[in-house]
Amino acid sequence: MTPATNYAASDLQRDTADSLQGLVVLQFGTNWCGYCKNAQAVIEPVLASRPDIVRYLIEDGPGRALGRSYRVKQWPTLVLLRDGQEIGRVVRPQDATPLQDLVQSASR
């Protein structure tokens, strides 16, 4: 499956991420990562059903400060923020359930 969007280098800084309002997903990965490509089939439908959640696809890797500040170790990692505060994360989703549970819990 071709991803609907691509990971891109981001100049988003941690202090800016911490000040984001509303629900935001920071999705860390790379365009060449097999896990990232495979996970798109799980991620896209879940997030497409939640237009209230803003998503940033952030290209991650060695020396990328934002990923390190969130202690990202594996791709893809989706960090859900509410008003800049992490409320949960999903790492390498293989089915929709963990991500669905996370976004549903954000609505409570």
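Read-outs: derived from the displayed coordinates by stated rules, not from any lab. Computed from a prediction, not measured in an experiment: that's the story for all the values here. Cβ atoms come from the backbone with ideal geometry, glycine included; neighbour counts cover every protein chain shown.
Couplings for the range 37-44, taken from phi via the Karplus curve 6.51 cos²θ - 1.76 cosθ + 1.60 with θ = phi - 60°, read 4, 5, 6, 4, 5, 8, 6, 3 Hz in order; Gly and Pro are left as x. From the largest down, the range 14-92 spans 33, 31, 16 angstrom on the principal axes of its Cα atoms.
Each residue, Gln94 and Glu44, gets one label point 7 Å from its Cα in the Cβ direction; the gap between the two is 2.2 nm.
Loop only per DSSP, at most 15 neighbouring Cβ atoms within 10 Å: give me the chymotrypsin sites (Phe, Trp or Tyr not before Pro) in the range 1-56, ordered by residue number. Filter output for the range 1-56: Trp32.
Across the chain, C-alpha contacts under 8 Å between residues 6 or more apart give a mean separation that, scaled by the residue count, equals a relative contact order of 35 percent.
Modelled spin-label separation between Glu86 and Leu12, with each label point placed 7 Å from Cα along the Cα-to-Cβ direction: 1.4 nm.
Where does the charge balance sit around Pro45 when Lys and Arg score +1, Asp and Glu -1, over other residues with C-beta under 15 Å from its C-beta?
-1
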